[in-house]
Amino acid sequence: MKYSLKDIQNTCGGDLMGSCDTICDNILTDSRTIIQPQTSVFFAIPGLQYDGHDFIEDVCDAGVSNFVVQKLPVKKPNNTSFLVCDDVVACLQKLMADYRKRFSIPVIGITGSNGKTIVKEWFTQVMSKHRLVTRSPKSYNSQVGVPLSVSLLHNKTQIAVFEAGISMPGEMSSLEPVIQPDVVLLTNLGEAHQENFRDKTEKLLEKIKLTANANTLILGLDNPVVADYYEHIPENKQEKTVTWAFKNTQADYRVNYDRNKNGTFVELTGKDDLTFFIPFTDEASIDNAVNTALLLKEAGLDDAQIASGMKNLQPVAMRLEVKEGINNCTIINDSYNADINALRIALDFAVRQNNKPVVLILSDILQTGLDKASLYYQISELLNNTDDLHQVIGIGHDIRKHADKFDSNTEFFYSTDDFIDSGAWRKFKDQCILLKGARDFQFEKISKCIELKVHQTVLEIDLESITHNLKYFRSKVSKRTGLMVMVKAFSYGSGSIEIGRHLQNQAVDYLGVAIADEGVELRKAGVHIPIMVMNPQPEDFGLMYDYQLEPEIYSLPLLKSLIAHIRNTGLTTIGIHLKLDTGMHRLGFCEKDIKSLITMLKEAPEITVKSVFSHLAGSDIRGFDDFTRQQLDSFHGIYETLNKALKLNCIRHIANTNAILRFPETHLDMVRLGIGLYGLSAEPNPDLKKTTVFKTRVISVKRLKKGETIGYNRTGVLHQDADIAVLPVGYADGLNRKLGNGNWNVEINHQLYPIIGDVCMDMCMVNVTGAGIKPGNEVIIFGGQNKIEDMAESLHTIAYEILTSISTRVKRIYTSA
């Protein structure tokens, strides 16, 4: 998709301001997820809670210069262009409706109250083995989400599947021209958003508007409202409808199923027969599987292809979050609470997926359109008849008023804060806690209580010192040389998100992470600058594409896997970084691989090489200087071979922290800064500032007699009466066990005191005799007088290991002048 603001005006109308010829290939609506700002256009969507117009300055600061707005900002930023229109959402929809017309491929539209995302994802799991599929990301089915989904169509798409959700009359008429589906699936008809419709029939008719120009409609007839609709549609439309049911004998397909411990056998009979197995047993999954199978059949797969795909279906990560809780509890956190059907699905999931008694914490259910008495009667009937439901805790004025409808073992509270203050959550033990709360009730407070982590040991990170060190290393390279900063391993223990955001604000060119999850975390936190993933796994390629992460490719098999993944899933161009092995002999293409590498890249136009790089083995050791230069020569030679064959015109980089300081000839197009950012280098450097301080507090002081022993194994023997301070830090926090028995001193009130006895998992003990130390006194483990380099020497290791060993349970605190 490529548009300039002038092109958008030609399609949608509006008034232009500024130079409007820049070609954009990326649509933005969220100021927190800016990627590729130079070629993006920001649609300032006005919403109920947030108005995109309020974030124009922030978006502009991130590098975006093209905007579609309903009103101009009071102060127009420099070098920006605007298209001013009456309705930004309508403009986006009209633009994508025009874009959709460019594609003559089968397009499926899915609507319904529940199950849209699961059916879409299951359809994609099976169909992607046969055709290139473009689908809605996650549950992008709103007035804004649908056009954003359609914008993902590309010239290699062979079939597309998009969700369409509505919450009030008139909305589907806006979405249908954007999707223009050939086949429409109605998953089901529930209570969600009922408050905006007179009855379910009106809501059904609104959803059915998605079929205005479709060839086929698939729907289930067990719902009486849907069955009544089907009976009254014209015969010529019935001929275009595929129906199924468990009970309704008029359906084209009757559904029977048989569960066992491994899953469910499903049999469709009638119009023709289809049998398949799914690795799920809950009723919602059976419904979704029937819809998925009929969609696959309508899309042209044969019965064997459908059966083969259905037996390998994978769970879809939805809104239900499963976490470990206190006292051996499991927490299932459901962030949506739209209707009774959604509650039924969550309960079924909790009961079937756990072998623990279920405790349901349920807030008032909002926006159902039902009167309260009827609503809570239906809820009580559902809960009273759910096996393995041990307890119900109701929160809210409405549910509390109807407490008499529920069976015994219930508690009710007016608010979330009332429940927390009661301390009832402290009694949870060996149970499955299902949190089912509307957003207004802030159930994240409850979740925080039952996941609560309290720790007095912290790692302080000085952001001003990080900025100082960054500027120092920048002063060592040309202004034309780019800068990649490594934030792998939790940013060397300092915290990926905070450091990543800080580096983005400092305008570094690239970030480097070890695994895809680290990159995803940064993207979710609003970090939009390019990110290289150094140890990609083939199973994460889809994730990397979704979050625009760029994998390091270091072998022919890995490249082959990436190309196969792109072609099997219908992804578009992906940028990669080629790793060369010039002497490190860890990962990378050797000279013998280059001919095959060139052949594979020539045959894979989907691949864009963003950089070619290598890793120096000994740039920090003067005795290996000749080997470092040999590596550089090898790199130049292999790169020239690649460039001659492929016309790469990409970034070259080989210099790490120590090479930046010691080998200017290695700087090339970009350098990679790692441990130096935190004030460490191979040789003492007074121009660098240390950035981290590992500290805790004294929690207890005891006076013990001569001859007593301290800690495990009785290794800490007192040769005189002593004051022993207990610190809440141990080897589970990153304090190495070898530092016990006098091998390390901690700093308290500017004085050093030795660790006595063995370091325990969560604690250690310190001899503070005669110092007047009291509980609450601050303790510095390293930082200040205690240099991390000295600790590394005591452990016969390097500072890298110490920093990356500090546990994530240790809270990170960021300071800035």
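For every residue, the table says whether it meets (1) among the small types (G, A, S); (2) within 18 Å of V358 (Cβ to Cβ).
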position: D398; (1), (2): no, no
position: K401; (1), (2): no, no
position: S415; (1), (2): yes, no
position: D418; (1), (2): no, no
position: W425; (1), (2): no, yes
position: K429; (1), (2): no, yes
position: A438; (1), (2): yes, no
position: F443; (1), (2): no, yes
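Can you name the residue in segment 1-33 that is part of a strand (DSSP E or B) and open to solvent by 60 Å² or more (accessible area, probe 1.4 Å) and is also nearest to R102 (Cα to Cα) among such residues?
Here the answer is D15.
Residue check, Y257 against (1) in contact with a Phe, Trp or Tyr (Cβ under 9 Å, 6 or more places away or on another chain); (2) open to solvent by 60 Å² or more (accessible area, probe 1.4 Å); (3) in a loop (DSSP other than H, G, I, E, B), all met but one. Which one?
Failed condition: (3).
Kindly indicate the residue of segment 527-548 that is open to solvent by 50 Å² or more (accessible area, probe 1.4 Å) and touching a Gly at 6+ places or on another chain (Cβ under 9 Å) and also farthest from T124 (Cα to Cα) among those meeting that condition.
Q548
Quick check, is G776 open to solvent by less than 40 Å² (accessible area, probe 1.4 Å) and either among the charged types (D, E, K, R) or part of a loop (DSSP other than H, G, I, E, B) (or both)?
Here the answer is yes, as G776 does meet what is asked.
Quick one: would you say T201 is closer than 27 Å to Q93 by Cβ and crowded, with 16+ Cβ neighbours inside 10 Å?
no
Collect the residues in segment 265-283 that are at pLDDT 95 or above and either closer than 18 Å to Q125 by Cα or crowded, with 19+ Cβ neighbours inside 10 Å (or both), keeping them in residue-number order.
V266, L268, L274, F276, F277, I278
Rundown of residues vs (1) open to solvent by 90 Å² or more (accessible area, probe 1.4 Å); (2) within 13 Å of N188 (Cα to Cα); (3) assigned to a strand (DSSP E or B), yes/no style:
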residue: I208; (1), (2), (3): no, yes, no
residue: A214; (1), (2), (3): no, no, no
residue: L219; (1), (2), (3): no, yes, yes
residue: D222; (1), (2), (3): no, yes, no
residue: V225; (1), (2), (3): no, yes, no
residue: D228; (1), (2), (3): no, no, no
residue: E231; (1), (2), (3): yes, no, no
residue: K237; (1), (2), (3): yes, no, no
residue: W244; (1), (2), (3): no, yes, yes
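Could you list, in sequence order, the residues of segment 61-92 that are outside any loop (DSSP other than H, G, I, E, B) and open to solvent by less than 20 Å² (accessible area, probe 1.4 Å)?
N66, F67, V68, V69, S81, F82, L83, V88, C91, L92
Condition check: closer than 18 Å to T187 by Cβ, open to solvent by 10 Å² or more (accessible area, probe 1.4 Å) and either modelled with pLDDT of 95 or more or under 32 Å from the mean Cα position of the chain (by Cα) (or both). Does V316 satisfy that?
Criteria met by V316.
Give L571, L578 a once-over and let me know the one that is at pLDDT below 95, closer than 30 Å to G526 by Cβ and open to solvent by less than 30 Å² (accessible area, probe 1.4 Å).
Of L571, L578, the one residue that is at pLDDT below 95, closer than 30 Å to G526 by Cβ and open to solvent by less than 30 Å² (accessible area, probe 1.4 Å) is L571.
For segment 437-525, give me every one of the strands (runs of 3 or more DSSP E) that falls completely inside it and has 2 or more residues that are surrounded by 19 or more Cβ atoms within 10 Å (Cβ to Cβ) and within 22 Å of the chain's Cα centre (by Cα).
Where strands (runs of 3 or more DSSP E) fall fully within segment 437-525 and carry at least 2 residues being surrounded by 19 or more Cβ atoms within 10 Å (Cβ to Cβ) and within 22 Å of the chain's Cα centre (by Cα), they are 482-486, 510-513.
Can you confirm whether segment 711-721 contains a residue that is touching a residue at least 12 places away in the same chain (Cβ under 8 Å), farther than 20 Å from L795 by Cα, acidic (D, E) and not in a loop (DSSP other than H, G, I, E, B)?
No, segment 711-721 has no match at all.
Do we find a residue being closer than 22 Å to T804 by Cβ, touching a residue at least 12 places away in the same chain (Cβ under 8 Å) and open to solvent by 40 Å² or more (accessible area, probe 1.4 Å) anywhere in segment 552-567?
Scanning segment 552-567, I find at least one residue that is closer than 22 Å to T804 by Cβ, touching a residue at least 12 places away in the same chain (Cβ under 8 Å) and open to solvent by 40 Å² or more (accessible area, probe 1.4 Å), so the answer is yes.
So, in segment 176-198, exactly how many residues are among the β-branched types (V, I, T), more than 26 Å from A90 (Cβ to Cβ) and open to solvent by less than 10 Å² (accessible area, probe 1.4 Å)?
Within segment 176-198, residues that are among the β-branched types (V, I, T), more than 26 Å from A90 (Cβ to Cβ) and open to solvent by less than 10 Å² (accessible area, probe 1.4 Å) number 0.
Of I806, I788, I798, which residue is open to solvent by less than 30 Å² (accessible area, probe 1.4 Å), within 25 Å of T691 (Cβ to Cβ) and either without any contact (Cβ under 8 Å) to a residue 12 or more places away in the chain or in contact with a helix residue (DSSP H, G or I) (Cβ under 6 Å, 6 or more places away or on another chain) (or both)?
When all the criteria are applied, what remains is I788.
Can you tell me which residue within segment 718-736, out of those that are surrounded by fewer than 19 Cβ atoms within 10 Å (Cβ to Cβ) and within 15 Å of V766 (Cβ to Cβ), is nearest to the chain's Cα centre (by Cα)?
P728
The values are calculated or read from the model by the stated rules, or taken from the named source; none is laboratory data. Small disclaimer: the values here were computed from a predicted structure and weren't measured. Glycine also receives a Cβ, built like all others from the backbone with ideal geometry; neighbour counts cover every protein chain displayed. Please note that ligands, DNA and RNA were not included when accessible areas were found on the heavy atoms of the full protein model with its side chains. Shrake-Rupley method; radii C 1.70, N 1.55, O 1.52, S 1.80 Å.
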